[in-house]
1. What are the pairs with Cβ atoms under 8 angstrom where one residue, in region 102-115, is small (Gly, Ala, Ser) and the other, located anywhere, is exposed (fewer than 12 other Cβ atoms within 10 Å of the Cβ)? Sequence gap at least six, or different chains.
2. Given (1) at pLDDT 95 or above; (2) open to solvent by 60 Å² or more (accessible area, probe 1.4 Å), identify the lone condition not met by Pro126.
3. In this structure, is Ala114 at pLDDT 95 or above, in a helix (DSSP H, G or I), exposed (fewer than 14 other Cβ atoms within 10 Å of the Cβ) and not basic (Lys, Arg)?
4. Taking the condition closer than 28 Å to Arg13 by Cβ and either in a helix (DSSP H, G or I) or not acidic (Asp, Glu) (or both), does Thr93 pass?
Amino acid sequence: MESHLSIDEVAKRTGLTAYTLRYYERIGLIAPVARAAGGQRRYAASDMDWIAFLLRLRTTHMPIGKMQTFAHLRGAGDATVPARRQLLEQHLTEVLADIEAMRQCAQALQEKIAHYHRLEQSRASPSPSDTEGNADEHLQPTLPARPRKTA
């Protein structure tokens, strides 16, 4: 990677817009970025590493307020390592719960798809019982328990 990238180059590499990069800097998610003589932002490799981590947090649906808290703790130095670890552990617990809820939903979708495959096969040679009523009425709805997010 080049030693310093422009905001447009960073936007292309990260998928973030230049507006979002400036916004992240304004709200403290990204520390003030070095500037070229003309005032243009120049992102270093360390900036890119941090942005990559922020993108991971965003992908896991960490609220921006928690991301700001983490960024503030990070900026405060090594004394905040326990608080940062704790924040990430709490978030990981929430992510894993969300993954389990999604797994259960995916399983329900697979079961529904299999049900429709069976219906399609039975409709190829219909019997009188298949032509009456709602094809889904025998299935009991089950909703996965979704953990409450903590603020």
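The values are calculated or read from the model by the stated rules, or taken from the named source; none is laboratory data. It should be emphasised that the depicted structure is a prediction, and the values quoted were computed from it without experimental measurement. Because the Cβ atoms are built from the backbone with ideal geometry, glycine has one as well, and the counts that use them run over all protein chains shown. Accessible surface is based on the protein model in full, side chains and every heavy atom, while ligands, DNA and RNA are left aside. Shrake-Rupley method; radii C 1.70, N 1.55, O 1.52, S 1.80 Å.
1. Partner pairs satisfying both residue conditions: Ala108/Thr142.
2. For Pro126, the failing item is (1).
3. So Ala114 passes the test.
4. Criteria not met by Thr93.
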